[in-house]
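Just so you know, all these numbers are worked out from the coordinates, no wet-lab data involved. Treat the numbers as computed from the prediction; the structure is a model and nothing was measured. All Cβ positions, glycine included, derive from the backbone under ideal geometry; neighbour counts span all protein chains shown.
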Amino acid sequence: MFFIPLLTNLKLHQFSLSLLLFLKLINPNSMKLFKIIFVFVMALTFTNNVVAQEKLEEKAKEMAKEYNQKLGDYPLTSVQEEQLSAIFLEKLKEIKEIKNEEETDEVKSAKIKEVHKNYAKRISDEILTKEQKTALKAFNANKKE
């Protein structure tokens, strides 16, 4: 379908208006076709959003499991792992938003580094115990060597 590539560059309402104008130019009585295509586009957009959300949630859970492995003898409790997954999900969404901004790559990179720094501090302050913090520092020190 030749309309789908337009979705990446235009917002949905702009796409719908463009489609309506296009159909009016071709056939002034094409409102029924427009409605069918519009419903299809809306369903496609909704499905893509749901799939994207599920992928982010899956990635956040994977990140929490990987993080847990860094803690060695002081693993996360199930509650901590859920909290960590939620924080990682927020972080991934924030990074995704930054990547979609109309900024230079340097600005985006600086913002993303700041996000990583802020979430690392938040995880340390809100979730990890003293022993887990020590284990994480030891892991990071060994990783640098």
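Report, ordered by chain and residue number, the lysines lying within cross-link reach of LYS61, taken as a straight Cα distance under 16 Å and ignoring same-chain residues fewer than 8 apart. Once the sequence-local lysines are set aside, what remains near LYS61 is LYS70, LYS91, LYS93. Can you give the net charge of the other residues whose Cβ lies under 13 Å from the Cβ of LEU128, counting K and R as +1 and D and E as -1? For residues surrounding LEU128, the net value is +2. Whole-Hz Karplus values for region 128-143 come out as 6, 7, 4, 5, 5, 4, 5, 5, 5, 4, 5, 4, 5, 5, 5, 5 Hz, taken residue by residue from phi with 6.51 cos²θ - 1.76 cosθ + 1.60 and θ = phi - 60°; glycine and proline positions read x. Computed from phi, the 3J(HN,Hα) profile of region 78-90 under the Karplus parametrisation 6.51, -1.76, 1.60 (θ = phi - 60°) reads 5, 5, 4, 5, 5, 4, 5, 4, 5, 5, 5, 5, 4 Hz, with x in place of Gly and Pro. Among the listed pairs LYS113/LYS137; LYS108/LYS133; LYS35/LYS96, those whose Cα-Cα separation exceeds 27 Å are LYS108/LYS133; LYS35/LYS96.
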